[in-house]
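Nothing in this text is a laboratory measurement; each read-out follows from the coordinates by a stated rule. Computed from a predicted structure; not experimentally measured. Neighbour counts run over all protein chains shown; Cβ positions are idealised from the backbone, glycine included.
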Amino acid sequence: MTIWIALPAAALCVSMFYYAAATLAAIRFAKRTVSPLPPLPKVPPRVAVLKPLHGSSNSLASNLVSFLEIAYPRVEFYFGVESYEDAAAEIPVALRQRYQYANITLMIGEEPNCSNRKIAKLVKMADRAEKAEVFVLSDADVSVDRDYLKRIVGELMSDEKVGIVTCAYRARPGGSFASRLEALYVNTDFLPQILLAEMIEPMHYALGATIAIKRKVLEAAGGFRAVKNMLADDFYLGNFVNTQGYEIKLSDAIVTLTCEEKNFADFWHHQLRWARTYRTVRPISLATILMHGPFWALVLLAVTRGSAAAFAALVLVVAARLAMSAAIVGRVLKMPEMLGDLWLVPFKDLIMTGVWFGSLLSNKVMWAGRRFKVIRGGAMREVKS
């Protein structure tokens, strides 16, 4: 057997093992999502929810409403935008009239000298929230359930060793074909990888969909300013907290992300940014190419000149991939409306193989219409041309 046959055959075995292990991890996690709420302290900590915003979208108002309708006794909401010209500023202003009981603050402007504009907003919001004992930050495209804060704050306060609670997330498409691909990536690639990693090793990073962090822990890690120039700010914030001796807990809650990529170019650039980010912060992520089952099945089919055994392997790996995706989307995420898109998964996998190879060609990424170069240590520098 030549290496040209041995390599794709071995990668197919790795892919099949990964599909089975990730499905097991996801099913185990599904049981946690229906667990009872953990108890809050007798006097619940004061929470500041920090939401950096940039631009409006079809789902932004409903996403923010889901936070304003959270059932929690002591919570303040801070929304940060770069300027009043940002269309996102209109949403919190309009919601003030509808939710007059909610403590809503709109912050205009950013901390100077921050390559990461999201962190530039978080610095100003955190400085304003002087009385907060816990900060909860999440991206603008995230929506949550009413008991979200009770669960994550209860988990955060359950143990002095826990410094951060973070949330896994599922994704719903916004309607376009590109958003359907993005949602499939989150639900059938990103989520199972996170759940499998959490099952076999302690978490050393956080996820931007939710980071709940104690004030004293944030200060010990250097505050938000410590990650002001980092591309993967969520990863490094969690990593800095972990190096201070605190644990990072994956919550039993799962939040929902709305994908609103308008065209394939949006999807491609987003995935390329993620892939280059992963390669920078966790070089071992390059090994994920071994889990691209449909790609390796096609390679095997080509090098064996269409042998019956290679064709059978292709059918088997595609069937296993679809079975894994159906189990996660239907049983774990409880999104039956997404099952009709699963036929796209093998094609999306081949696109992701292209993203993997594309990520090796440069250290430059596009983010919010700006181009950055990722430099040593995970920091980024804007490229102006």
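Annotations
- In this simple spin-label model, placing a label point 7 Å from the Cα along the Cα-to-Cβ direction at both PHE17 and GLU247 gives a separation of 2.8 nm.
- Between LEU339 and THR33, the FRET efficiency from the beta-carbon distance, with R0 = 22 Å, is close to 0.70.
- Sequence-distant lysines (8 or more away, or on other chains) whose Cα lies within less than 29 Å of LYS121: LYS51, LYS131, LYS150, LYS161, LYS214, LYS216, LYS228, LYS249, LYS262, LYS364, LYS373, LYS384
- Within the listed set TYR18, TYR246, TYR99, the residue fluctuating most in the Gaussian network model of the chain (springs between alpha-carbon atoms under 10 angstrom) is TYR99.
- Relative to one another, the C-alpha centroids of segment 215-293 and segment 93-120 are positioned 22 Å apart.
- This model, with +1 at the C-beta of Lys and Arg and -1 at the C-beta of Asp and Glu, gives segment 32-262 a dipole about its Cα centre of some 560 debye.
- Segments 41-51, 135-145 sorted - mean Cβ within 10 Å per residue, highest first: 135-145, 41-51
- Amide H contacts under 5 Å for VAL75: VAL47, restricted to partners 5 or more places along the chain or on a different chain, H placed in the peptide plane at 1.01 Å from N.
- Separation between Cα centres of segment 148-204 and segment 47-73, rounded to whole Å: 18 Å
- Taken one residue at a time, the phi angles of segment 234-240 give Karplus couplings (6.51, -1.76, 1.60, θ = phi - 60°) of 5, 4, 6, 4, x, 5, 5 Hz. Gly and Pro are set to x.
- Cα gyration tensor shape for segment 32-262, rounded if a/c is under 1.5, else prolate or oblate: rounded
- CD proxy at 222 nm, helix term only [per DSSP H run n ≥ 4: -39500 (n - 2.57); per residue of the chain; nearest 500]: -14000 deg cm²/dmol
- GNM result for the chain, Cα springs below 10 Å: residue of SER251, SER59, SER362 fluctuating most strongly: SER362
- Inter-part distance where segment 1-39 and segment 305-357 are each reduced to a Cα centre, Å: 13 Å
- Summarising the strand pairing of the chain, around 40 percent of its internal DSSP beta bridges are antiparallel.
- Modelled label reach - ASN103, point 7 Å along Cα→Cβ, segment 60-77 residues with backbone N closer than 14 Å: 72-77
- Choice from TYR72, TYR101, TYR205 showing the highest fluctuation, given a GNM over the chain with Cα pairs closer than 10 Å: TYR101
- Full extension of the chain segment joining ALA220 with LYS384 gains 55.6 nm, where the gain is 0.36 nm per residue of separation less the Cα-Cα distance.
- Around the amide H of ALA232, modelled in the peptide plane, lies no amide H under 5 Å away from a residue 5 or more places distant or on another chain.
- Across segment 265-270, coupling constants 3J(HN,Hα) worked out from phi with the 6.51/-1.76/1.60 Karplus curve, θ = phi - 60°, read 4, 4, 4, 4, 5, 5 Hz, and Gly and Pro carry x.
- Annotation for segment 300-354: trypsin sites (Lys or Arg not before Pro) lying in DSSP loop with at most 10 further Cβ atoms inside 10 Å of their Cβ are ARG305.
- Computed from backbone phi with θ = phi - 60° and the Karplus coefficients 6.51, -1.76 and 1.60, the 3J(HN,Hα) list for segment 351-366 is 5, 5, 5, x, 4, 4, 5, x, 5, 7, 8, 7, 10, 9, 9, 9 Hz; x is used for glycine and proline.
- Take each peptide in 283-289, 160-166, 239-245, 23-29, count the other Cβ atoms within 10 Å of every residue, and average; sorted highest first, the result is 160-166, 23-29, 239-245, 283-289.
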